[in-house]
Amino acid sequence: MKAAALAAGLALTTALTAFTYQTADAVERGGTLNFARYDGSKLVDPIYADRNPDIWMVGSLFSTLLETDPASGNLVGALAESYEVSADGKTVSLVLRDGLKFSDGSPLTGADVVFSLDRARNPDLGPWAGLLSAISSVTSEGRNVTLTLEKPDPALLSMLATFNTAIVSKKVFDAAPGANDQEKSAAIFAAGGPGVGSGPFYLSGFEQGASMAFSANPNYWKEGEDGKPLPYIDKVHFQVIPDDATRVLKLTAGEVDVAEFIPFSRVAELDADPAIDMNLYPSTRIIYSPINTRATRADGSPNPLADKRVRQAVNYATNKEALIGLVLQGAGKPMSSPLMSSSTRLAADMSPLYGYDIEKAKALVAEAGLKPGTEITLTTLAGSADDATVFAALQQMWAPLGINLVAEQVDGPTRGAKNRSGEFDIHTYGWVDDVSDPSQVSGWLGYYPTSKSVGTGWNNAEFNALYEASSSEMDPEKRADQYRQMQDLYADAAPLLFMYETPFAVAVSAKVNGYLQTPLGNNIFENVSLDR
């Protein structure tokens, strides 16, 4: 349903048509796609997946009630063929497609939907329950499913197209060994085989940290262009290859068909190879640096970055285009919204967002009375070539402001702990959306109660009130205006060093057709075919 119709509060039933991808004429069926991953999955379960390597695999094994068309960004039908939103926005009624089955051939029913959504919204289970906090009950009768809400939630339909609301088999979970849900989930994943999901594939092999295999689900609900069930290929075989150079080498040698997270320094080289399709997929990935806005540092000393003018100055003094050239080899663009990627719904285009202006930066630090030689620490990831490049560039860029930038290298867990405790001046960080709605990233970066505004300590009452109001605003124009105001406030306060957006760099053999990676990072394999 389009957002305008939803927000008008009309009791409107919308028929949904599942999207398909354009594929070549006379699509060939069969074969195995060999995929080189930078990291392996640990547990591909809709509610327990909390790492990107797990999240990005959920959609291949499990289907959701709705899904997002990657081409248009619109919600389209998946397991549900239609839905109705009540006039007050507090009831969502869905009708399941007829004849749905899990990968083992057993029927997928309303009872499975109730079980799955109750599981997904249980705060004692996975980390994503808060995304469904508006739901007070889920019931079913035949193919009809009813969600009753405590309050209207403009993001709920997007959540029904999100990995954590994917439908699992109640029968399989009930029969699985284990004393609780977590143990049952782990046992199901370890056993593999068809049964628990209704996605285009089922898990058919797994070796922790080394490999994983998917096999085609013969009972998948979508049809291909030839009128037979998708997917076209028989299997996907994943090899875990953390080393960038090795992934590229195996691709060019023909040992794998797809390699993800290609170093940007290799993009031009691979793009020139006629046997390879070098793709820079649009993403929701943003690279930024949280700035400690507290009046004092963790050691009690005055914090020069508590002054908004100093935070604005370092943003103006940062040449984002130069960083993009140095780190991404030009394959990126400056952030244009302070709160989200340009691919995220309701993103405001504020470009140039703190365009490079060293004279304005100097004027701001002079106005703030920043003392020459002021030492500021940039906390970076040890061993990260990108972070080292960013530090060297910023050290040079900020020197005209009288800032002595020093580096502190730590591992990932230590950086996270420093972020949570506020024991930092500024540190490198990044984000990729998990859901197709701005509420998640805006809540993380700017809404203080979520995570102290991504650890910066920035606490703005007006921003917080706007965010809370937007969580139940069903009028799309009013909600868009709320997000515009939040982005204006956030840009002015500059609790981040706003840097750049990066695409997903994925190299694919020219014999592969129909592969796609979405802006959320999900791999779409169901329409893949291989030239043989």
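The values are calculated or read from the model by the stated rules, or taken from the named source; none is laboratory data. This one's a predicted model, so the numbers in the text were calculated from it and none came from an experiment. In this analysis, Cβ positions are derived from the backbone assuming ideal geometry, glycine residues included, and neighbour counts consider all displayed protein chains. Keep in mind that these areas ignore ligands, DNA and RNA; they rest on the heavy atoms of the full protein, side chains included. Shrake-Rupley method; radii C 1.70, N 1.55, O 1.52, S 1.80 Å.
Candidate cross-link partners of residue 151 among the lysines, defined by an alpha-carbon separation under 19 Å and a same-chain spacing of 8 or more, comprise 90, 478. For segment 407-448, list residues with backbone N below 14 Å from a point placed 7 Å from the Cα of residue 382 toward its Cβ? Within reach of a label on residue 382: 408-416. Taking a ≥ b ≥ c as the square roots of the eigenvalues of the Cα gyration tensor, segment 230-366 is classed as prolate, since a/c reaches at least 1.5 and a/b is larger than b/c.
Across segment 449-532, the relative contact order, built from alpha-carbon pairs under 8 Å that are at least six residues apart, equals 18 percent. Using θ = phi - 60° in the Karplus curve 6.51 cos²θ - 1.76 cosθ + 1.60, the 3J(HN,Hα) couplings for segment 248-264 round to 5, 4, 5, 5, 5, 7, x, 7, 10, 9, 9, 10, 9, 6, 5, x, 5 Hz; x is entered for Gly and Pro.
In the context of the full protein assembly, residue 448 retains an accessible surface of approximately 70 Å², using a probe radius of 1.4 Å and ignoring ligands and nucleic acids. Peptides 361-367, 72-78 ranked from most to least packed, by the mean per-residue count of other Cβ atoms within 10 Å: 361-367, 72-78.
Can you bin segment 385-532 into rounded, prolate or oblate? Criterion: square roots of the alpha carbon gyration tensor eigenvalues sorted a ≥ b ≥ c, rounded for a/c under 1.5, prolate for a/b above b/c, oblate for the rest.
Working: a/c = 2.26, a/b = 1.18, b/c = 1.91.
The shape class here is oblate.
Of the solvent-accessible surface of the chain, computed with a 1.4 Å probe and all protein chains present, 50% belongs to carbon and sulfur. Only one residue of 87, 167, 314 has its Cα farthest out toward the positive end of the dipole of the chain, where Lys and Arg carry +1 and Asp and Glu -1 on Cβ, and that residue is 314. Within the assembled protein chains, the solvent-accessible surface assigned to residue 380 is about 10 Å², based on a 1.4 Å probe.
The stretch between residue 392 and residue 363, if pulled fully straight at 0.36 nm per residue, gains 8.1 nm over its current Cα-Cα span. Peptides 414-422, 282-290, 505-513 ranked from most to least packed give 282-290, 505-513, 414-422, packing being the mean of other C-beta atoms within 10 angstrom over each peptide's residues.
Using a Förster distance of 25 angstrom, determine the FRET efficiency expected from the C-beta separation of residue 272 and residue 410, and round it to 0.05. Mind dumping the intermediate values first?
Values: r = 38 Å, r/R0 = 1.52.
For R0 = 25 Å, the calculated efficiency reads 0.05.
Please compute the contact order of the chain in relative form: average sequence separation of alpha-carbon pairs under 8 Å and at least six residues apart, divided by the residue count, as a percent. Walk me through the intermediate numbers first.
Values: 1194 pairs, mean separation 104.5, N = 532.
Here the relative contact order equals 20 percent.
DSSP finds beta bridges in the chain, and of those with both partners inside it, around 75 percent are antiparallel. When you restrict to C-alpha pairs under 8 Å that are six or more residues apart and normalise by the size of segment 271-423, the relative contact order lands at 22 percent. Ligands, DNA and RNA are left out, and with a 1.4 angstrom probe the accessible area of segment 14-155 is 39 Å² per residue. If the chain linking residue 180 and residue 371 were pulled fully straight, counting 0.36 nm for each residue of separation and taking away their Cα-Cα distance, it would gain 62.9 nm.
Taking Cα atoms only, the orientation of helix 412-421 departs from the longest principal axis of the chain by about 70 degrees.
For segment 166-265, what class follows from the C-alpha gyration tensor (a ≥ b ≥ c being the square roots of its eigenvalues): rounded when a/c is under 1.5, otherwise prolate if a/b is larger than b/c, else oblate?
Values: a/c = 2.97, a/b = 1.42, b/c = 2.09.
Oblate, since a/c reaches 1.5 and b/c is not below a/b.
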